[in-house]
Each structure stands twice: as structure tokens, then as C-alpha cells.
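The values are calculated or read from the model by the stated rules, or taken from the named source; none is laboratory data. Here the structure is a predicted model, which means the values were calculated and not measured. Cβ: placed from backbone, ideal geometry, glycine included. Neighbour counts: every protein chain shown.
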Amino acid sequence: MIDIYYMFECDVVSLEPISENHPFWNGFLSFQSSLIPMGYEDSKKLEEIIEPLAKRFILNNLKNWKFWHPLGSVLKKKTELIASQHLESSVFLLQTCNNLFVLRTCMKFFIERIKDEDLEAQFEAQSESSENVNQRFELLFQSLIDTILDIPLSSYKLIMSSPKAMALIRSLLTRFMDRMEMTERNESGSLVVGIASGVFNMFSSAFYDSSAQESSDKKVTKTPLADFSLLLLLVLVNQCTPAMMGNTEEIESKYKNPFRSALFRLRGIQGDSNEALSEDVKEEQFDFAKLFKSIWSTLDSDESTLLLYLLLHQNDCFRIHVLASSDMDLLVIPLLKTLYRAPTKTSGNHHINHHVYMSLIILLILSEDDLFNTSVHETMIKNIEWYSERSLTDISLGGTLILVVIRTIQFNMLKMRDKYLHTNCLAALANMSSQFRRLHSYVCQRIISMFETLAKKHGRIMSSVQYADDESEVSIHVDDESIGDTMADAEVLEEVLKMILEIINSCLVHQIKNNPNLIYTLLYKRDLFAPFASHPSFQDLTQNIQTVINYFGSKLDQTQEKKGTALTVDEKLIKFPDLKFKYVEEEKTRRFFYSLYMESYYGKTLLESSIYNSFTSKRVIIVK
């Protein structure tokens, strides 16, 4: 690290110009790759050391333009780099790796410390090249993308003739799925493969501290390349979206993000032979089975959850593949764990809240499909160790989902008081309600218990409002604001209670024969619903419940055969419209997710979060 500092100070930062062909550059770029920091702490330390030099470099570069050499090398030598793989030119690969490191260090400092126009000035400075600043920006990003695509990490090489956007998306997803672990510095093997892998280790591992303890702010990971590939993909597909650019037809037609389009055009591999398929169709085919496995196995991370959301919401082919999967529990259980553990982690941690929102929205999207709603009740789970309220054996995946969502609703009503959260929870349950089958007795108890708890709270609020009405006029004016808040709480609770009654109604109308435990629970809690039968806001919704309670209650003391009973009462129930809620990505939701993409990116890289707003609003680069 000291050697790098010395070379910067003596020659690179000085005012004395150095021509592009001067032997100095070969020596400067031939330092040992072991000097490149491979961890978060080392990278931060290097930045602190070279900061005074970097400031001098920014000023002097406008006069001698030494920045052109690392930049020009990336632009000019891509073809030579690819050829050197076959020539085993270790020196050339070493210099390229070091050159990329110098370029990355300079660019990072530029982006964080200087204004847009000053950044352009660093590119506009006089050089032997005739390209203008726009061409240099475009060529730089094009060359970096080509490097990602064309330089293999192992003996495997992905060969495609597709446009750059599709090729890059496929390459990033492939690296995410491969989850290649970062190589050790002294790892034996092919020198060329080692140095080529070092290029990517240099980029990725600098954002993670492989030697850090678990208490570190940066999460320790063994697969930084996979993680950063996913981060880059999320950033690329969320640039130039309609939500960012204004949501007008003119904007949508003018600004099209090819990376976003490529991700959403991906389709699964169909059959063993694809000879008859066009080249466009072939390039869109992707291994959805492997991608799905990679996603559900890493759903504890925000990035994988965000990718899953994007694909389920925007890629019909992937959504169909997921819904047809026989391993739905592998996807749903990690989402339920996130929701279940939120109450113990949420205090003061908005990151956990965001993960809860994303997981819940994914469940809502899944619940829009009848096949999903049916299959979750056919999938049985033997033991759920992470559910601590009660030991559950032989419960369906659907029953587990209901329990966790109910717990989330009750926690939200008690602590977070977020209308958006419980609305989505109830919408997911409502979508599933017509397919509730063979509900576990504990699940039925929790459904009715949730209604009972919220009903009591609603009753207390209404009593306090009635008490305020009985007070004097002076007292009313003094507490006018608090009464308004109380009434707002009462209205929210009333809507939640109505929705719960609609969910129970839907289950009774469509699945009463398959839910004896729900009938038993209603009979046991029959007194709970009596006050609502005469309430104008609830009487229509409680009519079916009262019918079931009265009918089966009258049969309890009878000893005759019960056969055909459920069918008879089924005919007496009032039919309500099916409960169907569809997730819609609104303007605020788009901004919410975009902020999550960028927050995740800045949270796991060395870029300072203070440049977030200016960077995302001013620099949008699309390479076609």
C-alpha cells in the first residue's frame, strides 16, 4: 500500500506531463496485485491515505491529463485483453487488473467529491484522443460491460450473439446463481484464470470485509461477486423507469431501459431441442429452475427479495414458473420467517420494516393466483421449529401462512399502526379465503381471536368517544384534536373488522364442508358475534355467521345422523362477491422500491450515501 502511495506522489500527481507511451506507465501498472486492498477496512484505509494526493490529482489533471492513461487503456485494449487469455500473458493481465483498480479509485473519488460539471472537465481535458466527453463516457461503460461479458472466471464461457443489454443481464444473473466464492490470494491453479478472477475479486471484495467480525456494520459474505452482480443488476434495471422520468407516453416512448426490458423478456427453457427457435427466442431462454433456487435460498437478503418482486410483478413467464413449482414451501417459508421475526427486530430499524413490506407484497402477488391458494393448503409441514407460540405438527403451509399474517396484523395494529401494512395483510388473506381448506384448529382459534381482540379495542374506543360526547361543551373543545384522532382509529378498526368478517364469510360460503374446525370455533365463540348482529355496519356480514351458529348449535343436542348437514346449511348462506384484490404498483410504491434499490446499493458499497440524491437524479447511463 505504501508503494502505491509513493508512485502516486512522485509521478502521477505531479505537474510534469508524461506521454501515453512513456515506459513509466508499464512500471507503474506492474505492482503486485497483493497490494490491492481486498477488504472493506483496507479499502477505507487506502482512501484516507491517498485523499490529499487525489485532491492534487484533480487539479493537476486539468493541465497534464494523466487520467487519460488508465481511462484510455480500458478503452483501447479490450481486444488485446481477450487475446491475452489464450497467450497466457500474465504481465498484460496483471497490468489490466491494476489499471482497472486505478481507474476505479479515481472515478470513485471524482463521483463523491466533485460536481457534475467538474467531473466532465476531467474527461474533457486535452489529450491525444479526438473523442468528446460524451463519447468517452459511453466508450468507458461499453468497455466495462464488454469486460464483464467476455472475460471468463473459469473454463466455462458463455457465448451469445444477443444485444449487449440481454447479454449483460444474463451474465449478471449467471454470476448471481453460480455464487462463486472469493478465491484466496495464494490459491494455486491457472495463472491466467487466477488473475482474471482477480479482476472481479478486486471489484467485488473491496465492498466487503472478508476478515471482519460479525459485529461489523458490513455483512460478511463469501460470495461478493454474486452479491455485487445482483446489486449492479438492480441498479441497471431501475434506471430510466417511467416513474423516474415522468410517467407520460412521450417519456415512455423516448426513454426505454434495455436492461429492464431484457430482464422482463426472459423466459424458461422449453423442451430438449430448440433448433426450430429463432435467435431472438433462444437468447431470451434462461434456466428459471436454477434462478428460482438461487433466489429462495438467499431470501434473507434485501437484494434477492427485490429481484423476486421484480420478476413476479413484471415477468409473466417467471411468475408462471414459480406458481407451477412443486416446491412452493421453499419460497413461502423464508418469506414467513421474515414476517414472523420482524416484531423482535423492528424497533428502530427501518431496514427490517422494508424487508417486511417486500415479503408481504410478494405474498400478495402470489395470492392472486388460485393455484397457489389451493396448493398451499395441500402442502403439509411436519414441524415448524421457528414458530415459538405453539408446537405445530401436521399443519398445512396455508395454515402457517395465515398464522404468520395474523401475527403481523396484530403487531402492526399494536406497534407500527401502518395502514398500508395491514391492508396488504388482509388483502392476501382475502384472496386466499375462498380456498381455505382443512384449517388447523389453532389457525381457526387465531382468526377468531384476532377479531375478538380488535372488537374489544373498537368497543373501548367507541366508549371513550361516547363519554366525550356526554361531557360539557368546554371539555369537547379542549379535546377536539384528540377526539378526531380517536375517531380515525375507530374508523380504521371498523374497516379491519369488516374485512375479517368478509374473510370468514368467504370461507364459509365456499369451503364450509372442508372446515369443521372453523365451525367448532364459531360455536365456542358464539357470544362474540351477537352484538354485531344488530350493528348497522356489521349486520349484513354477520348474518351468515349467525346462520351457521344457529344451525349447528341446534344440532348439538341431537343424536341423529349428521350426514348432509353441511350441504343443507350451505344452501342457506347468502352469497357475497368473491374477494379478489390485485397488487397495483402506485407512484409512491415505485419510489419506495427505487429508494430501496439504491439504499441497498450504497449500504453495501464504499460509495458515500451523501451523494445518493445527486447521483441517482443526474447520472442515468443506458448502453444499448
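Here are the numbers for the structure shown:
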{"read-out": "Test: PHE109 is aromatic (Phe, Trp, Tyr), surrounded by fewer than 19 Cβ atoms within 10 Å (Cβ to Cβ) and at pLDDT 70 or above", "value": "yes"}
{"read-out": "Residues of segment 313-326 that turn out to be touching a residue at least 24 places away in the same chain (Cβ under 8 Å) and either small (Gly, Ala, Ser) or within 13 Å of TRP296 (Cα to Cα) (or both), as a count", "value": "3"}
{"read-out": "So ILE447, is it more than 25 Å from ASP316 (Cα to Cα) and in a helix (DSSP H, G or I)", "value": "yes"}
{"read-out": "Checking SER600 against (1) at pLDDT below 75; (2) among the hydroxyl-bearing types (Ser, Thr, Tyr); (3) in the same structural domain as THR453 (by TED's automatic domain parsing), the condition it does not meet", "value": "(3)"}
{"read-out": "Test: SER367 is touching a helix residue (DSSP H, G or I) at 6+ places or on another chain (Cβ under 6 Å) and among the polar types (S, T, N, Q)", "value": "yes"}
{"read-out": "Helices (runs of 4 or more DSSP H) wholly inside segment 363-433 that include at least 3 residues being in contact with an Asp or Glu (Cβ under 9 Å, 6 or more places away or on another chain)", "value": "397-411, 419-433"}
{"read-out": "Candidates GLU389, GLU378, filtered to the one that is acidic (Asp, Glu), loosely packed, with under 14 Cβ neighbours inside 10 Å, over 22 Å from ILE448 (Cβ atoms) and modelled with pLDDT under 95", "value": "GLU378"}
